[in-house]
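> Let me give you the structure first, and then I'll get to my questions.
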Amino acid sequence: EIQLQESGPGLVKPSQSLSLTCSVTGYTITSGYDWSWIRKFPGNKMEWMGYISYSGSTNYNPSLKSRISITRDTSKNQFFLQLNSVTTEDTATYYCASLTSGYWGQGVMVTVSS
Amino acid sequence: EIVLTQSPTTTAASPGEKVTITCLASSSVSNMYWYQQKSGASPKLLIYSTSSLASGVPDRFSGSGSGTSYSLTINTMEAEDAATYYCQQWSSNPPTFGAGTKLELK
């Protein structure tokens, strides 16, 4: 069974970078699927942030394009989110997921505050 | 980007009652996905490709629609169905989600 697990700091200061890791077990991320980051804001709005495909290509939400980077470490079967220049508006629960397979991580709450 | 408008925003149903949630797209989409999210848990895929039931999902759930209008139906409400439901499209980039429908047990 595919399992995804997010990890990273729960508190980030404004103007700094937010960095999260998604560890995937039960499936090799180079075998198939697109591997996404999605966030859910307080108030329940959900936003797809971007993905890295099994081949390594990336696709980002235009609303974040200047601030986001998704990379991977195939040796560890992990993929990563970096979001630069965060503000309090980036406070959310962050999920990694494979939308095409329906598998999601449990989510990690990230608060942007000084 | 395509905006998905869900209705109702909140609703309540008694056990055994039929529930329908609607998702209207700002432009035509070819497929719709539906998720169920309970408090403290991650979204669970219910329906993919508009009407296909995800693995392990009870058959009281069904999806239908085309173009700009899609719906999720729970044929007979059960207590465990109390949750927030989201529609999602990926026919057009970027993928977008509806704002969610909170379903409560009456």
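Every read-out reported here was derived from the displayed coordinates using simple, explicitly stated rules and does not represent laboratory data. Worth saying up front: this structure is predicted, and the values here are computed from it rather than measured. Cβ atoms come from the backbone with ideal geometry, glycine included; neighbour counts cover every protein chain shown.
> Can you figure out the FRET efficiency of A:Leu11 with A:Thr58, using R₀ = 30 Å and their beta-carbon distance, to the nearest 0.05? The partial results should precede the final answer.
Values: r = 27 Å, r/R0 = 0.89.
That gives a FRET efficiency of 0.65.
> How are the C-alpha pair distances of chain B spread across 5 Å bins, as whole percents from the shortest bin up?
3, 14, 26, 26, 19, 9, 3, 0
> How big is the charge dipole of chain B about its Cα centre, in debye rounded to the nearest 20, if each Lys and Arg gets +1 on its Cβ and each Asp and Glu gets -1 on its Cβ?
Values: 6 positive and 7 negative charges, 10 e Å.
Dipole about the Cα centre, nearest 20: 40 debye.
> Okay, next question. Evaluate the charge dipole of the protein assembly as shown about its Cα centre and quote only its size in Debye, nearest 20, assuming +1 on the Cβ of each Lys and Arg and -1 on the Cβ of each Asp and Glu.
The calculation lands at about 300 debye.
> Just rank A:Thr100, B:Thr76, fewest to most, by other beta-carbon atoms within 10 angstrom. Intermediate values should be presented prior to the final figure.
On the way: A:Thr100 17, B:Thr76 13.
Ordered from fewest to most neighbouring Cβ atoms within 10 Å, A:Thr100, B:Thr76 come out as B:Thr76, A:Thr100.
> Roughly how many nanometres apart are two label points built 7 Å out from the Cα toward the Cβ at B:Lys38 and B:Lys102?
1.8
> If you don't mind, another one. Across peptide B:40-50, how many C-beta atoms of other chains are within 10 Å of each residue C-beta, on average? Don't jump to the answer; show the numbers that get you there.
Values: counts 2, 3, 13, 9, 2, 6, 1, 0, 4, 0, 0.
Per residue, the number of nearby Cβ atoms from other chains is 4 on average.
> Straight-line reach from B:Lys18: which lysines have a Cα under 16 Å away, not including same-chain ones fewer than 8 places off?
Leaving aside lysines fewer than 8 places away in the same chain, those within reach of B:Lys18 are B:Lys102, B:Lys106.
> Within the range A:1-110, report the GluC sites (Glu not before Pro) that DSSP leaves as loop and that have at most 13 other Cβ atoms within 10 Å. Display every interim value, and only then the final one.
Values: sites: A:Glu1, A:Glu6, A:Glu47, A:Glu89; in loops: A:Glu1.
For GluC sites (Glu not before Pro) across the range A:1-110 that sit outside H, G, I, E and B with at most 13 neighbouring Cβ atoms in 10 Å, the list reads A:Glu1.
> Additional query: Within 10 Å of each Cβ in peptide A:46-54, how many partner chain Cβ atoms are there on average? Round it to a whole number, please.
Per residue, the number of nearby Cβ atoms from other chains is 3 on average.
> Pick out, in residue order, every one of the trypsin sites (Lys or Arg not before Pro) in the range A:1-91 that is DSSP loop and has at most 12 other C-beta atoms within 10 Å; say none if there are none.
Details: sites: A:Arg39, A:Lys40, A:Lys45, A:Lys65, A:Arg67, A:Arg72, A:Lys76; in loops: A:Lys45, A:Lys65, A:Arg67, A:Lys76.
When the trypsin sites (Lys or Arg not before Pro) of the range A:1-91 are filtered for loop state and at most 12 Cβ neighbours within 10 Å, A:Lys65, A:Lys76 remain.
> Calculate one ³J(HN,Hα) per residue across the range A:25-37 by plugging θ = phi - 60° into the Karplus curve 6.51 cos²θ - 1.76 cosθ + 1.60, and present them in order as whole Hz with x for glycine and proline.
10, x, 6, 8, 5, 8, 7, x, 6, 9, 10, 9, 10
> Under a cut-off of 13 Å between alpha-carbon atoms, report the aspartates and glutamates in cross-link reach of A:Lys45, not counting same-chain residues fewer than 8 places apart.
Of all the aspartates and glutamates, those that pass the test against A:Lys45 - Cα under 13 Å, at least 8 places apart if same chain - are A:Glu89, A:Asp90.
> Summarise the partner chain shielding of B:92-98 as one whole number: the mean count of Cβ atoms from other chains within 10 Å of each residue's Cβ.
Taking all residues of B:92-98 together, the mean is 6.
> Work out the FRET efficiency for A:Asn44 and B:Ser51 from their Cβ-Cβ distance, taking R0 = 35 Å, and round it to the nearest 0.05.
Values: r = 25 Å, r/R0 = 0.72.
Efficiency computed from Cβ-Cβ geometry: 0.90.
> About the Cα centre of the range A:36-114, how large is the charge dipole given +1 on each Lys and Arg Cβ and -1 on each Asp and Glu Cβ? Please answer in debye to the nearest 20.
Working: 7 positive and 4 negative charges, 15 e Å.
Its charge dipole is roughly 80 debye.
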